[in-house]
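Student: Dropping a structure here in structure tokens format, bear with me for questions.
The values are calculated or read from the model by the stated rules, or taken from the named source; none is laboratory data. The shown structure was predicted, so the numbers you read here are calculated from the model rather than taken from an experiment. Heads up, the Cβs are rebuilt from the backbone with ideal geometry, glycines too, and the neighbour counts pull from every protein chain shown. Ligands, DNA and RNA are stripped out before the accessible areas are found, and what is left, the full protein with its side chains, is counted by its heavy atoms. Shrake-Rupley method; radii C 1.70, N 1.55, O 1.52, S 1.80 Å.
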Amino acid sequence: MYTIKNYHFAESVDEVAALLQKSRANTVLGGGTWLRLGERNIATAIDLSHLGLDQITETEEEITLGAMVSLRALEQSTLLQTQFGGLLARCVRHIVGVQFRGLATVGASVASRYGFSDVITALLALDTEVELCPGGRLPLAAYLQQPPARQLLVAVHIKKDGCTAVHTSHRLTETDFPVLAVAAARCKDGSFRISVGARPAVAQRCPQAEQAAEANGPEAAGEAAAEMLQFGSNTRSSAEYRKVLAKVLVTRALTELAEKESLAR
Ligand SMILES: Cc1cc2nc3c(=O)[nH]c(=O)nc-3n(C[C@H](O)[C@H](O)[C@H](O)COP(=O)(O)OP(=O)(O)OC[C@H]3O[C@@H](n4cnc5c(N)ncnc54)[C@H](O)[C@@H]3O)c2cc1C
């Protein structure tokens, strides 16, 4: 459990950024679902709930998820059910339970760069940028390669490029962390984006699998993903098993994607 000395409702994102720079002991609060598992002495807990970051908004070009949008809101948004093949609603369905998902936020899920993150796996298969303060906007893939910095993740922006996408995972039990997670999207021009998470390192795209999917179909893509990505071992699985799973789950995701597309025609 954490201990908080001062509790502060932030008035602006710049104020949050300044507080984060001021002391390493100042900490942004999301829903508190992960923070509560650790032992932290927080000098100033920064509450974002007065900043209006709990909104899912849409323009002609993109959909924006504010940092404080809950995982439950992703599931329940009628807008997201009609975009990206319902990917964002679907990717969170195994995360603990409804009450938990009502608290856990998109901002923390991305900013924490968890290897097991279903949310990052799904967002990487879309054309996603993160908005940071300080730092502005940059592609999610580039953000994941940067070392963690004391920045506020303000929002996630997803281009409305008309892609259809699916998410699948393998878990030891229904609501456990994923042993492996896969998301695949088919773009309007016929190209693919394939992301594999919980390897157990943080999700990454697999360009070789994407090219194989376009040229030779789902099975070739599954083989390429298993061959080209690095897998590791942890308490949930060995690297060897994850490699086998990658082949199966990528093939399965792409097959489901093809079925979805043929139904939509
Ligand atoms: C038992 C359990 C099972 C889980 N299973 C899964 C799973 O299967 N798949 C999955 O994807 N996730 C899973 N999660 C992760 C879950 O979604 C996280 O708890 C969640 O992402 C954290 O959200 P939160 O809003 O409660 O963050 P908090 O606990 O409030 O914060 C977590 C960290 O993020 C920082 N932070 C919060 N918001 C921001 C921001 N906007 N900008 C920068 N930093 C920020 C905080 O300072 C803190 O360091 C699981 C978690 C638990 C506890």
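Student: Within segment 147-167, restricting attention to residues that are within 13 Å of the ligand (Cβ to nearest atom) and of a type outside the set (A, V, I, L, M, F, W, C), which residue is surrounded by the most Cβ atoms within 10 Å (Cβ to Cβ)? Even if it seems obvious, please write down each step before you answer.
Tutor: Keep residues of segment 147-167 that are within 13 Å of the ligand (Cβ to nearest atom), which gives 148-156, 167.
Okay, now just the ones that are also of a type outside the set (A, V, I, L, M, F, W, C), so 148, 150-151, 167.
Numbers: Pro148: 8, Arg150: 15, Gln151: 19, His167: 31.
Going through the qualifying residues, I end up with His167.
Student: Might you let me know whether segment 102-112 holds any residue that is within 19 Å of Leu257 (Cβ to Cβ) and either out of contact with any Lys or Arg (no Cβ under 6 Å at 6 or more places or on another chain) or within 12 Å of the ligand (Cβ to nearest atom) (or both)? Even if it seems obvious, please write down each step before you answer.
Tutor: The initial filter retains those residues of segment 102-112 that are within 19 Å of Leu257 (Cβ to Cβ), namely none.
For segment 102-112, residues within 19 Å of Leu257 (Cβ to Cβ) and either out of contact with any Lys or Arg (no Cβ under 6 Å at 6 or more places or on another chain) or within 12 Å of the ligand (Cβ to nearest atom) (or both): absent.
Student: Kindly evaluate Arg137 against the criterion of being of a type in the set (D, E, K, R) and either assigned by TED's automatic domain parsing to the domain that holds Lys22 or touching a helix residue (DSSP H, G or I) at 6+ places or on another chain (Cβ under 7 Å) (or both).
Tutor: Details: of a type in the set (D, E, K, R): yes; either assigned by TED's automatic domain parsing to the domain that holds Lys22 or touching a helix residue (DSSP H, G or I) at 6+ places or on another chain (Cβ under 7 Å) (or both): no.
Here the answer is no, as Arg137 does not meet what is asked.
Student: May I ask you to say which residue of Glu210, Glu219 is surrounded by 14 or more Cβ atoms within 10 Å (Cβ to Cβ) and closer than 23 Å to Asp127 by Cα? Full working, then the answer.
Tutor: Details: Glu219 fails: closer than 23 Å to Asp127 by Cα.
Result of the check over Glu210, Glu219: Glu210.
Student: Now for a different question. Name the pairs whose Cβ atoms lie under 9 Å apart, with the first residue in segment 140-164 and assigned by TED's automatic domain parsing to the domain that holds Ala111 and at positive phi, the second polar (S, T, N, Q) and within 16 Å of the ligand (Cβ to nearest atom), and 6 or more positions between them or separate chains?
Tutor: That search, which allows pairs on different chains as well, returns nothing.
Student: Could you run through segment 222-250 and say how many residues are closer than 23 Å to Lys188 by Cβ and within 22 Å of the chain's Cα centre (by Cα)? Full working, then the answer.
Tutor: Going through segment 222-250, the residues closer than 23 Å to Lys188 by Cβ turn out to be 224-225, 250.
Applying the additional criterion that residues be within 22 Å of the chain's Cα centre (by Cα) yields 225, 250.
So the answer is 2.
Student: Open to solvent by 10 Å² or more (accessible area, probe 1.4 Å), at pLDDT 95 or above, within 16 Å of the ligand (Cβ to nearest atom) and among the hydrophobic types (A, V, I, L, M, F, W, C), is that true of Phe177? Write out each step before concluding.
Tutor: Details: open to solvent by 10 Å² or more (accessible area, probe 1.4 Å): yes; at pLDDT 95 or above: yes; within 16 Å of the ligand (Cβ to nearest atom): yes; among the hydrophobic types (A, V, I, L, M, F, W, C): yes.
The answer is yes for Phe177.
Student: Next question, about the same structure. Of all residues being assigned to a loop (DSSP other than H, G, I, E, B) and of a type in the set (Gly, Ala, Ser) in segment 180-212, which is farthest from the ligand (Cβ to nearest atom)? Just the residue, please.
Tutor: Pass one, segment 180-212, residues assigned to a loop (DSSP other than H, G, I, E, B): 187-191, 198-203, 206.
When the remaining residues are screened for being of a type in the set (Gly, Ala, Ser), the result is 190-191, 198, 201, 203.
Working: Gly190: 29, Ser191: 26, Ala198: 8, Ala201: 14, Ala203: 10 Å.
Per the criteria, the residue is Gly190.
Student: For segment 116-133, what are the residues that are more than 9 Å from the ligand (Cβ to nearest atom), touching a Phe, Trp or Tyr at 6+ places or on another chain (Cβ under 9 Å) and assigned to a loop (DSSP other than H, G, I, E, B)?
Tutor: Listed by number, the residues that qualify are Ala125, Leu126.
Student: Quick one: which of Val92, Val106, Val69 is touching a residue at least 40 places away in the same chain (Cβ under 8 Å) and of a type outside the set (Lys, Arg)?
Tutor: Numbers: Val92 fails: touching a residue at least 40 places away in the same chain (Cβ under 8 Å); Val69 fails: touching a residue at least 40 places away in the same chain (Cβ under 8 Å).
That would be Val106, the only listed residue that is touching a residue at least 40 places away in the same chain (Cβ under 8 Å) and of a type outside the set (Lys, Arg).
Student: Quick check on this structure: which one of Ala225, Ala221, Ala215 is within 26 Å of Ser112 (Cα to Cα), outside the structural domain of Leu140 (by TED's automatic domain parsing) and part of a helix (DSSP H, G or I)? Walk me through it before giving the result.
Tutor: Details: Ala221 fails: within 26 Å of Ser112 (Cα to Cα); Ala215 fails: within 26 Å of Ser112 (Cα to Cα).
Within the list Ala225, Ala221, Ala215, the selection yields Ala225.
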